[in-house]
Each structure stands twice: as C-alpha cells, then as structure tokens.
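The values are calculated or read from the model by the stated rules, or taken from the named source; none is laboratory data. Just so it is clear, the structure is predicted and the values come from calculations on it, not from any experiment. With ideal geometry, Cβ positions are generated from the backbone for all residues, glycine too; neighbour counts draw on all protein chains shown.
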Amino acid sequence: MSTPLQDALGTPASSQTTTALLINCAIDRLYYGDFLAVRDSHVPITKGTITAFIGPSGCGKSTVLRCLNRMNDLIRGFRLEGQVLLNGHDIYAPEVDPVAVRRTIGMVFQQPNPFAMSIAKNVGFGLRLNRFKGNHQERIRESLEAAALWDEVKDKLHSSGLSLSGGQQQRLCIARAIATRPEILLMDEPCSALDPIATKKIEDLMLELKKDYTIVIVTHNMDQARRVADYTAFFYVDTTQGGRTGHLIEYGPTYQLFENPLHETTARYIRGEFS
Ligand SMILES: Nc1ncnc2c1ncn2[C@@H]1O[C@H](COP(=O)(O)OP(=O)(O)OP(=O)(O)O)[C@@H](O)[C@H]1O
C-alpha cells in the first residue's frame with residue numbers, strides 16, 4: 001500500500017540520521033497568522049519509544065505535535081520556520097504530499113471520534129481510502145487485536161462504532177489509526193475524556209504498541225508521562241509579562257526530567273507549583 005513517497009520518507013537518508021533518531025523536529029518559529037505561537041523548540045523523537053509532551057495550558061504541546069504530521073497545514077495562517085526531518089527527509093519540502101505524511105504518521109485525538117458507521121467499517125476506513133490490496137477482514141481483525149478490542153467486539157463487528165463506551169471508542173480509533181500501519185502514532189491527550197479504568201487500558205495498550213510503533217503523546221497528567229514515556233519534553237509559556245509564546249524548556253529521559261530536572265521552571269512545574 002505504500003507509495004514511492006512513503007517509501008522515500010521511510011528510508012533513512014544515510015548520512016543524515018542515526019538508526020535511533022526517527023524524527024528531528026526543529027521549530028525555530030511557528031505562527032498562526034501574526035501570532036508567534038511557538039519558538040525555539042527542538043525535539044528529537046527516537047524510534048520504538050514513547051515521548052511525552054508536558055507543560056501548562058497554551059504552551060504549544062498540541063501545536064508541536066500537529067507539526068509532526070503536518071496537521072497544522074489545515075489551519076489558516078499557519079507558518080513554520082524550521083524543519084521536521086523524518087528519517088532525514090524534510091516533511092515540509094515542496095515535493096512532499098502532506099497526505100502521504102499523515103499516512104506514515106497517524107493520529108488519535110482527545111475526544112474519541114469514531115465515524116457513524118460499523119466497527120468493522122471504522123477500522124477498514126483507511127484501507128478502503130488507500131485501496132489496500134490485501135485481505136481487509138484479516139487486517140481489521142489484526143488491528144482490533146492490536147488495539148486490545150477484538151475480544152469485546154468480535155461478535156458485533158457490524159454494530160455502530162458509536163454504540164461503544166468511551167474507552168472502547170478510543171481503542172477503536174487507535175485500531176483505525178494503526179490499520180494502515182503507520183510508522184508513528186501521535187496521541188493528543190488520548191485519555192482526558194476517559195475514566196481511570198479506561199485510562200489504564202489505553203496506557204497498557206501504548207506500552208504494547210511501542211513494540212511496533214513510535215508514539216508521541218500530549219498529556220496533562222504527569223503521572224501518566226512518568227508511567228508510559230521513555231522521554232519527556234517540557235514546554236512552557238510565561239504569561240506573567242503578557243507573553244503568550246510557548247517554547248521548549250527541556251527534554252530528556254523521563255526519569256531524569258522528573259528526578260533531576262535541569263531547570264528550576266521544570267522543577268516547579270513538577271512540584272505542582274503552577275499548572
Ligand atoms: N488554530 C489556531 N489558531 C490560532 N491560534 C491557535 C490555534 N491553535 C492553537 N493556537 C494558539 O497557539 C498556542 C498554543 O496552543 P496549543 O493548543 O498548541 O497549546 P497546548 O499546550 O496544547 O494547550 P492545552 O494544554 O490547553 O491544550 C495558544 O496560544 C493557542 O491559543
């Protein structure tokens with residue numbers, strides 16, 4: 001199902017990458033119209049790991065996440081100064097089709113958003129869109145199994161996706177996102193609409209999926225970042241002087257960032273002194 005472009009994006013440009021560095025996100029300045037939303041945020045994403053973006057509201061976590069698969073392109077006035085390299089290839093290069101980027105880098109949103117169609121059709125949606133030549137039923141089953149949902153829905157594959165609980169709907173959306181076998185999964189606060197039991201299931205699922213996918217998650221929940229993330233990036237926006245531009249304060253292995261942060265602002269955030 002891959003296109004030549006996808007093949008190119010998936011192939012490391014030999015001299016530019018190490019095997020572990022999958023995405024090199026180097027945002028110098030990012031604008032929505034005249035508004036400078038994010039500055040100076042360089043974040044590496046390592047293959048086969050979970051990276052968490054944390055920080056107070058408005059610091060640019062979701063904006064930076066959406067840069068990784070060009071979802072911001074859909075927002076009027078969006079402009080990026082910088083580069084996002086996937087396997088050493090600039091995903092913002094003029095010849096790159098953003099749709100192909102999004103095929104390689106899937107996304108799951110804060111609110112579970114199944115389509116108003118059957119469970120099976122939800123998961124098979126991207127397969128139909130991409131004219132997948134393989135066995136659809138088999139791929140749908142594999143994806144539901146990988147999303148830890150198969151046992152709960154195998155007898156009602158033709159029921160509406162909207163008939164599932166919130167946690168099941170979110171796992172359905174994960175199954176839909178992985179059905180086309182992206183390389184990377186972006187998750188924007190995937191548990192914020194879920195209860196603690198459903199949240200635990202999604203966290204367990206993330207740890208399982210990390211064997212096959214590289215995951216980047218935005219979370220407000222610092223305990224969640226500690227539980228699931230190998231690496232954490234802390235963003236901050238200092239609004240006290242009327243500023244509203246978010247930027248990266250520090251990035252590192254999760255245990256290091258939480259146990260021994262380099263910056264006082266990080267330490268204060270982790271101690272819960274502001275949110
Ligand atoms: N579509 C948009 N158009 C204009 N400005 C936007 C848009 N989306 C976000 N912004 C602005 O960009 C800045 C960063 O927003 P973003 O949603 O990325 O932050 P965040 O850290 O994810 O916040 P939260 O934790 O509240 O979701 C904010 O000032 C926000 O108002």
For the subset of the range 211-226 comprising residues that are more than 16 Å from the ligand (Cβ to nearest atom) and surrounded by fewer than 17 Cβ atoms within 10 Å (Cβ to Cβ), which member is farthest from residue 47 (Cα to Cα)?
223
Which condition number in (1) near the ligand (Cβ under 10 Å from one of its atoms); (2) modelled with pLDDT under 95; (3) not aliphatic (A, V, I, L, M) is the one that residue 31 fails?
(2)
Output the residue which, of all residues in the range 59-69 that are in a helix (DSSP H, G or I) and in contact with a Cys (Cβ under 9 Å, 6 or more places away or on another chain), is farthest from the ligand (Cβ to nearest atom).
67
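Matching residues to (1) assigned to a loop (DSSP other than H, G, I, E, B); (2) of a type in the set (S, T, N, Q); (3) more than 20 Å from residue 62 (Cα to Cα); (4) touching a strand residue (DSSP E or B) at 6+ places or on another chain (Cβ under 7 Å):
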residue: 172; (1), (2), (3), (4): no, no, yes, no
residue: 186; (1), (2), (3), (4): no, no, no, yes
residue: 190; (1), (2), (3), (4): yes, no, no, yes
residue: 193; (1), (2), (3), (4): yes, no, no, no
residue: 220; (1), (2), (3), (4): yes, no, no, no
For the range 79-101, check the following and say yes or no: at least one residue is in a helix (DSSP H, G or I) and crowded, with 20+ Cβ neighbours inside 10 Å.
yes
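Residues checked against (1) at pLDDT 95 or above; (2) within 30 Å of residue 227 (Cα to Cα); (3) assigned to a helix (DSSP H, G or I); (4) basic (Lys, Arg):
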position: 8; (1), (2), (3), (4): no, no, yes, no
position: 15; (1), (2), (3), (4): no, no, no, no
position: 40; (1), (2), (3), (4): yes, yes, no, no
position: 44; (1), (2), (3), (4): yes, yes, no, no
position: 53; (1), (2), (3), (4): yes, yes, no, no
position: 57; (1), (2), (3), (4): no, yes, no, no
Every listed condition ((1) over 22 Å from residue 150 (Cβ atoms); (2) at pLDDT below 95) holds for residue 259 save (2)
Selected residue [more than 16 Å from the ligand (Cβ to nearest atom) and under 25 Å from residue 40 (Cβ atoms)] from 197, 184, 202
184
Considering (1) away from the ligand (no atom under 16 Å from the Cβ); (2) among the β-branched types (Val, Ile, Thr); (3) not in a strand (DSSP E or B), say which one residue 239 fails and leave the rest.
(1)
